[in-house]
Amino acid sequence: MAFKHKYTLICDEVRQENTGKLLVIGLYLDNMGVSQIPFMLPSLTFLFAFENDRLGDYPFRAKLENLESGKVLAQAMGVLQVLRPGTAINILGFRNISIDRIGTYTMSLTMDGERDPVTASIEVVLQAQLLNPPQPQM
């Protein structure tokens, strides 16, 4: 197998510095707090890191969907170019994503030639739930 998934970061944006380093902006951990539903998300980026032992161009397909409803919010396709063995990075950024419900959103990335897709999920919650967690009873 050419690709082994190492990790996925979900964030607002990824930029590359002149030195080649990646700058991750607005990293999400377990969930994404939104102020209201519906909500327009200006930018959402997925950084997929793979261990790869072969050079080449690898076509892929990706889909962002709401897990409960199955509604597809965004799709992409492209080619991941691997120039040397080691860590291969695939960055997928989407603009103006319309979030119409709280719940789980899943990104699935399928590399041509690989059997199983790589998935990453994030839970969308209302910000009030993050700021005012339930208080323990005494």
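Taken together, the values in this text are just the output of simple stated rules run on the coordinates, not laboratory data. The shown structure was predicted, so the numbers you read here are calculated from the model rather than taken from an experiment. Cβ placement follows ideal geometry from the backbone for every residue including glycine, while neighbour counts extend to all protein chains displayed.
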The chain: Lys pairs at Cα distance under 20 angstrom, eight or more positions apart or on different chains
4
Percent of beta bridges antiparallel (DSSP, the stretch 3-131, rounded to nearest 5)
95
Sorting Leu55, Leu73 on the 10 Å Cβ count, fewest up front, what's the list?
Leu55, Leu73
Might you report the magnitude of the Cβ-based charge dipole of the chain about its Cα centre, with Lys and Arg at +1 and Asp and Glu at -1, to the nearest 20 debye?
180
Name the GluC sites (Glu not before Pro) in the stretch 46-77 that are in a loop by DSSP and that have at most 11 other C-beta atoms within 10 Å, would you?
Glu68
From zero outward in steps of 5 Å, how is the percent of C-alpha pairs of the chain spread across the bins?
2, 9, 18, 21, 18, 13, 9, 5, 3, 1, 1, 0, 0
Asp57 to Asp100: extension gain in nm, 0.36 nm per residue of separation minus the Cα-Cα distance?
11.9 nm
Could you give the longest part of the chain that holds none of the trypsin sites (Lys or Arg not before Pro) found in DSSP loops with at most 10 neighbouring Cβ atoms within 10 Å?
22-114
What does the net charge come to around Ser108 if you take all other residues with beta carbon closer than 9 Å to its beta carbon, with K and R at +1 and D and E at -1?
+1
Give me the number: length gained by fully extending Ala128 to Met77, i.e. 0.36 nm times residue separation minus the C-alpha to C-alpha distance, one decimal in nm.
14.8 nm
Among Leu44, Gly20, Ile89 - extreme Cα towards positive end, dipole of the stretch 20-138, charges at beta-carbon
Gly20
Can you give the calculated 222 nm mean residue ellipticity of the chain, where each DSSP H run of n ≥ 4 adds -39,500 (n - 2.57) and the sum is split over every residue, rounded to the nearest 500 deg cm²/dmol?
-500 deg cm²/dmol
